[in-house]
Amino acid sequence: MKLVDSPGKSKGKKVADAASQDDEHHIPLGARQEIIKKFPIDPNLKNYEDTYASFNWEDAKKELTYFAEGKLNAAYNAVDRHMNDGRRNKVALYAISNDNKLEKFTFQEIYEASNRMANALRELGVRKGDRVFVFLPRVAELYICTVAIAKLGAIAGPLFSAFGPDALRDRLKDSGATVVITNPALKPKLDGIKHDLTDLQYTIVVNGDKKSLKAQEYTYEELVEKASTKFECVRTDAEDPLYLLYTSGTTGKPKGVVHVHNDILGHHMTSKWVLDLKEDDVYWCTADPGWVTGTVYGIFGPWSNGTSVVCYEGRFDADSWYELVDRLKVTVWYTAPTALRMLMKAGDDVVYRHSLESLRYILSVGEPLNPEVVRWGMKVYGLPIHDNWWQTETGMQLIANIPCLPVKPGSMGRPLPGVYAAVVNDDGDEVETGELGRLVVRPGWPAQLRTVWRNKEKYDEYFKIPGWYFSGDNAWKDEDGYFWFVGRADDVINTAGHRVGPFEVESALVEHEAVAEAGVIGKPDKERGEIIKAFIVLNNGFTSSDQLLDDIREHTKRQLAAHAYPREIEVKESLPKTRSGKIMRRLLKAWELGLPTGDTSSLEDD
Ligand code: PRX
């Protein structure tokens with residue numbers, strides 16, 4: 001495969017200045033574009049233009065199994081229907097533990113295990129609409145429980161296993177979760193905040209020890225052991241909630257994005273077109289199901305297509321990752337730019353120590369993918385890396401480098417059939433090709449967020465101009481209809497693909513006895529995209545020292561999560577604030593990047 005240069009594009013130039021001021025690690029706009037010619041596989045989506053012109057979501061419904069009167073259950077489509085389509089004995093899940101033990105589960109085994117769990121939850125009194133949260137590492141039970149909750153019509157709440165007490169409390173309290181499924185290693189974090197969780201009724205512990213449990217706590221094993229393997233999937237309405245996933249905005253605590261069973265239509269079609277999943281694929285999505293990618297493209301999308309999925313409990317390590325690809329003969333690999341940059345850093349030799357010949361297709365999501373990584377991928381894997389764009393709120397991929405189109409390294413790709421994306425100004429008018437603006441989407445795709453849990457106001461902010469969904473990202477579009485990411489339009493930080501709200505980190509920081517005030521920004525970083533940097537003011541009586549700053553860092557890590565602590569902390573005498581007392585992160589960022597701070601004479605409300 002060969003990288004082919006296309007002529008320099010003058011149009012992109014218009015926004016080059018804005019972009020270079022915006023954030024230096026982002027792709028230099030107006031730079032010479034490269035094109036990786038069509039990729040020689042026989043993709044599921046063969047003709048982009050024709051399909052884009054003729055496709056509608058109504059027709060796509062025939063790909064799914066509906067109950068009478070248009071009722072639809074995502075779990076039925078992901079698992080149950082494979083009992084009758086010849087996939088009963090096909091491997092649904094390859095689960096590899098921390099110590100590299102492999103367990104295989106067929107679709108029938110997942111079907112029966114999730115039926116048992118659905119019965120067990122029902123026995124505990126869980127009903128349609130109840131929130132059941134899953135706080136587990138990447139183990140088979142996480143997959144089984146998520147499906148079981150959906151079968152019951154309850155709302156699944158994925159929780160990242162690295163969350164600390166603050167992050168857990170925010171999510172479980174706001175959602176009013178009645179059940180949490182966890183394991184012995186993670187349970188103490190939950191125990192420590194239980195007194196704040198008035199709605200919580202039951203805790204279920206996977207691999208639990210009955211003797212150490214208190215009232216209203218059960219082991220997963222004792223519950224499923226006595227439960228039946230027969231369960232009639234609840235005939236949910238397509239618009240009934242399926243899962244509730246908390247994500248960060250620029251202000252306030254994380255918000256609960258509500259998705260519904262109808263999302264499965266989007267999961268199914270995008271897994272077919274973008275992930276290009278075929279019957280014989282062994283597919284590995286490296287994202288944790290505590291994040292949207294791991295739930296949608298680690299569970300529902302691939303299983304709806306009857307694909308064998310890999311789940312790996314272990315942490316990142318270049319050698320182990322490649323070993324896993326060879327061991328299970330992974331064919332399709334969905335990962336993230338930070339992971340790819342770390343693999344690149346680990347070096348070419350590590351790649352060449354492994355065969356990797358099973359790999360046929362690689363994808364990336366979550367943060368800007370530098371063209372340099374794509375070029376490196378071509379060199380060492382002999383395959384282009386297909387970037388794509390979406391968000392927790394969009395619930396499915398909307399823009400992608402799909403396999404039937406040439407890949408433009410650095411670009412997120414083109415809108416999928418059934419999706420109309422555009423770049424607009426703040427009034428909602430589409431800007432010229434090549435001009436920087438807000439990335440928006442015409443509402444109406446199947447997996448669009450349906451509301452923000454108990455926060456209609458927040459939800460409405462996404463649709464502030466009728467006819468558009470505002471993503472919060474800035475982008476531009478080139479003459480060929482490819483979209484190029486420029487940065488966030490707000491203060492949301494993207495560190496190693498994890499979306500972090502500055503407010504959450506600031507709140508955790510000021511909980512530390514030494515911290516009076518805190519302002520948090522994302523600072524460009526070669527490997528992680530951005531790192532979190534905090535500016536703090538100390539309380540009287542505290543003096544800055546390495547030890548104190550370490551302590552503050554550790555405190556934040558413990559309370560929130562390992563990815564959400566400030567790697568850099570700078571102590572200041574005071575922080576710039578608006579008249580109403582809001583810390584001006586924009587100014588902190590300008591300080592950090594050595595950019596002009598603009599007119600700060602008034603420091604007014606912004
Ligand atoms: O800023 C964009 C960035 O990640 C944000 C969405 O984060 P989250 O809701 O956690 O979902 C991540 C997984 C889909 C976006 O608003 N982002 C996502 N994909 C890309 C991206 N930035 C650049 N290029 C991408 N391909």
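Suppose we keep only residues that are within 28 Å of Ala167 (Cβ to Cβ) and out of contact with any Phe, Trp or Tyr (no Cβ under 9 Å at 6 or more places or on another chain) within the range 301-324. Which one would you say is surrounded by the most Cβ atoms within 10 Å (Cβ to Cβ)?
Gly301
Need at least 3 residues that are modelled with pLDDT of 95 or more and more than 20 Å from the chain's Cα centre (by Cα) per element, so show me which strands (runs of 3 or more DSSP E) inside the range 90-159 make the cut, counting only ones lying wholly within it.
Once the strands (runs of 3 or more DSSP E) in the range 90-159 are filtered for at least 3 residues that are modelled with pLDDT of 95 or more and more than 20 Å from the chain's Cα centre (by Cα), what remains is 91-96, 102-106.
Among the numbered criteria (1) crowded, with 17+ Cβ neighbours inside 10 Å; (2) outside any strand (DSSP E or B), which one does Asp490 miss?
It is condition (1) that Asp490 fails.
Specify the residue that is farthest from the chain's Cα centre (by Cα); the eligible residues are those in the range 299-339 that are at pLDDT 95 or above, farther than 14 Å from Glu279 by Cα and of a type in the set (Val, Ile, Thr).
Of everything passing the filter in the range 299-339, Val325 is farthest from the chain's Cα centre (by Cα).
Quick one: Asp387 ticks every box in (1) more than 16 Å from the ligand (Cβ to nearest atom); (2) modelled with pLDDT of 95 or more bar one, so which box is it?
(1)
One residue is enough: does the range 287-296 have a residue meeting the conditions more than 12 Å from the ligand (Cβ to nearest atom) and surrounded by fewer than 19 Cβ atoms within 10 Å (Cβ to Cβ)?
The answer is no; no qualifying residue exists.
Within the range 177-193, can you find the residues that are β-branched (Val, Ile, Thr) and more than 16 Å from Gln559 (Cα to Cα)?
Thr178, Val179, Val180, Ile181, Thr182
Please enumerate the residues belonging to the range 358-369 that are surrounded by fewer than 21 Cβ atoms within 10 Å (Cβ to Cβ) and either of a type in the set (S, T, N, Q) or within 16 Å of the ligand (Cβ to nearest atom) (or both).
Once the filter is applied, which keeps residues that are surrounded by fewer than 21 Cβ atoms within 10 Å (Cβ to Cβ) and either of a type in the set (S, T, N, Q) or within 16 Å of the ligand (Cβ to nearest atom) (or both), the range 358-369 yields Ser358, Ile362.
Look at Asp263 and say whether it is modelled with pLDDT of 95 or more, farther than 21 Å from Val126 by Cα and of a type in the set (Asp, Glu).
yes
Could you tell me which of the residues Glu457, Glu517 is surrounded by fewer than 22 Cβ atoms within 10 Å (Cβ to Cβ), outside any loop (DSSP other than H, G, I, E, B) and touching an Asp or Glu at 6+ places or on another chain (Cβ under 9 Å)?
Glu517
What pairs can you find where one residue is in the range 169-183 and in a helix (DSSP H, G or I), the other is charged (D, E, K, R), and their Cβ atoms are less than 6 Å apart, with a gap of 6+ or different chains?
Arg169/Asp196; Asp170/Lys253; Ser175/Arg131
Kindly indicate which of Lys62, Lys38, Lys46 is open to solvent by 70 Å² or more (accessible area, probe 1.4 Å), in contact with a Leu (Cβ under 9 Å, 6 or more places away or on another chain) and modelled with pLDDT of 50 or more.
Unique residue meeting the criteria: Lys38.
Only one of Val419, Val423 is assigned to a strand (DSSP E or B), within 23 Å of the chain's Cα centre (by Cα) and either free of Cβ contacts under 8 Å to residues at least 60 places away in the same chain or more than 9 Å from the ligand (Cβ to nearest atom) (or both). Can you tell me which?
Only one candidate qualifies: Val423.
Restricting the range 56-81 to residues that are part of a helix (DSSP H, G or I) and among the charged types (D, E, K, R), which is nearest to Asp263 (Cα to Cα)?
Among those that are part of a helix (DSSP H, G or I) and among the charged types (D, E, K, R), it is Lys61.
Can you tell me how many residues in the range 541-581 are assigned to a loop (DSSP other than H, G, I, E, B) and in contact (Cβ under 8 Å) with a residue 12 or more places away in the chain?
17
Go through (1) surrounded by fewer than 17 Cβ atoms within 10 Å (Cβ to Cβ); (2) within 16 Å of the ligand (Cβ to nearest atom); (3) farther than 23 Å from Thr335 by Cβ for Glu372 and report which single condition fails.
The failed condition is (3).
Exactly one condition in (1) open to solvent by less than 20 Å² (accessible area, probe 1.4 Å); (2) among the charged types (D, E, K, R); (3) more than 15 Å from the ligand (Cβ to nearest atom) is not met by Lys464; state its number.
For Lys464, the failing item is (1).
Hey, Phe483 hits all of (1) within 19 Å of the chain's Cα centre (by Cα); (2) within 11 Å of the ligand (Cβ to nearest atom); (3) of a type in the set (Phe, Trp, Tyr) but one; which does it fall short on?
(1)
Give just the number: which of (1) free of Cβ contacts under 8 Å to residues at least 40 places away in the same chain; (2) more than 17 Å from Arg122 (Cβ to Cβ); (3) in a loop (DSSP other than H, G, I, E, B) does Pro188 not satisfy?
If we test Pro188 against (1) free of Cβ contacts under 8 Å to residues at least 40 places away in the same chain; (2) more than 17 Å from Arg122 (Cβ to Cβ); (3) in a loop (DSSP other than H, G, I, E, B), just (3) comes out false.
Looking only at residues that are surrounded by 19 or more Cβ atoms within 10 Å (Cβ to Cβ) and in a loop (DSSP other than H, G, I, E, B) in the range 493-513, which one is farthest from the ligand (Cβ to nearest atom)?
Applying the filter and picking the extreme gives His512.
Of the conditions (1) more than 11 Å from the ligand (Cβ to nearest atom); (2) aliphatic (A, V, I, L, M); (3) within 29 Å of Arg414 (Cβ to Cβ), Val350 fails just one. Which one is it?
Unmet condition: (3).
Could you list, in sequence order, the residues of the range 232-269 that are of a type outside the set (Ser, Thr, Tyr), open to solvent by less than 20 Å² (accessible area, probe 1.4 Å), in a loop (DSSP other than H, G, I, E, B) and within 25 Å of Arg116 (Cβ to Cβ)?
Cys233, His261
Does the range 167-177 include one or more residues that are on the phi > 0 side of the Ramachandran plot, at pLDDT 95 or above, open to solvent by less than 60 Å² (accessible area, probe 1.4 Å) and touching an Asp or Glu at 6+ places or on another chain (Cβ under 7 Å)?
yes
Any residue in the range 389-412 that is among the acidic types (Asp, Glu) and open to solvent by less than 10 Å² (accessible area, probe 1.4 Å) sitting within a Cβ distance under 6 Å of a residue that is more than 9 Å from the ligand (Cβ to nearest atom) and modelled with pLDDT of 95 or more? List the pairs, counting only those 6 or more apart or interchain.
Glu393/Leu449
Can you run down the residue pairs with Cβ atoms below 7 Å, 6 or more apart or on separate chains, where the first is in the range 479-501 and hydroxyl-bearing (Ser, Thr, Tyr) and the partner is within 11 Å of the ligand (Cβ to nearest atom)?
Close Cβ pairs (under 7 Å, with a partner that is within 11 Å of the ligand (Cβ to nearest atom)) amount to Tyr482/Ser411; Tyr482/Gly413; Thr495/Gly522; Thr495/Gly529; Thr495/Glu530.
Being touching a helix residue (DSSP H, G or I) at 6+ places or on another chain (Cβ under 9 Å), in contact (Cβ under 8 Å) with a residue 40 or more places away in the chain, within 16 Å of the ligand (Cβ to nearest atom) and in a strand (DSSP E or B): is that true of Tyr283 here?
Answer is no for this residue.
The values are calculated or read from the model by the stated rules, or taken from the named source; none is laboratory data. None of the values given here were measured: they were computed from a predicted structure. Glycine also receives a Cβ, built like all others from the backbone with ideal geometry; neighbour counts cover every protein chain displayed. Each accessible area value is taken on the protein alone, full model and side chains, heavy atoms only, with ligands, DNA and RNA left out. Shrake-Rupley method; radii C 1.70, N 1.55, O 1.52, S 1.80 Å.
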